[in-house]
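The structure appears below as structure tokens.
The values are calculated or read from the model by the stated rules, or taken from the named source; none is laboratory data. Predicted, not measured: the structure shown is a model, and the values here were computed from it. Every residue, glycine as well, gets a Cβ built from its backbone with ideal geometry; the counts of neighbours run over all protein chains shown. Areas reflect the complete protein model, heavy atoms only, side chains present, ligands, DNA and RNA absent. Shrake-Rupley method; radii C 1.70, N 1.55, O 1.52, S 1.80 Å.
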Amino acid sequence: MQNSHHSDLSDEAPSPDDGVKHTRADATAGHAGAQFGLALLLAGGTGDYAQAMEWYSKAAGQNHRLAQFNLGLMYAQGQGVEKNETTAVTWIQRAAQGGDAGAQFNLGDRCGRSSAHGADSTAPESRIESYKWFKLAAAQGYGPAMARCDAATMRMTREEVSEGNRRVTGFVES
């Protein structure tokens, strides 16, 4: 069986580099999925975070949710770019608002930490947002999100849980 990317006259097996070349060609042509795939290969395979950042940025700009989330994580960790928590949260929020369960879980975790370590005046808002994001991630079956949602509920008032459920419903409807 021949690889569809090779000429019918060729009997040689495809090189492992052919997939990367094909992905790079598609990424250069502007395909968000290929840009994401190339960034993933660069970050995970070669550790070239600077180039991965470039390709994640291109895919994220086309609303590729996983690219947005990974871009946010790279800013949070300072991989391939100077660490910038504000920019990290901006990208993670875009991915979460677009429906990425991993990003929603990450925001739930961030809000939960903020409610535990933040000012008393902002703690209720942070608890509500944490609950909302965990509940949205749990609705997609994301890992430990349901357990984390249940744990968040234990630290909330009845009014806060009602507000969190109202926000979940509003998010799902929009």
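Brief remarks follow.
- Dipole magnitude for the stretch 98-174: computed about the Cα centre from +1 point charges on Lys and Arg Cβ and -1 point charges on Asp and Glu Cβ, it is near 120 debye.
- Cα gyration tensor shape of the stretch 67-166, rounded if a/c is under 1.5, else prolate or oblate by comparing a/b with b/c: oblate
- Dipole axis of the stretch 71-164 (+1 Lys, Arg; -1 Asp, Glu on Cβ), positive-most option in ALA88, GLN77, ALA123: GLN77
- Per-atom-type breakdown for the stretch 19-174 gives carbon and sulfur 52% of the accessible area (1.4 Å probe, protein chains only).
- In this structure the stretch 56-174 gives 52 Å² per residue of accessible area when probed at 1.4 Å with all protein chains present.
- Summing +1 for each Lys or Arg and -1 for each Asp or Glu among the other residues whose beta-carbon sits under 13 angstrom from that of ASN63 gives +2.
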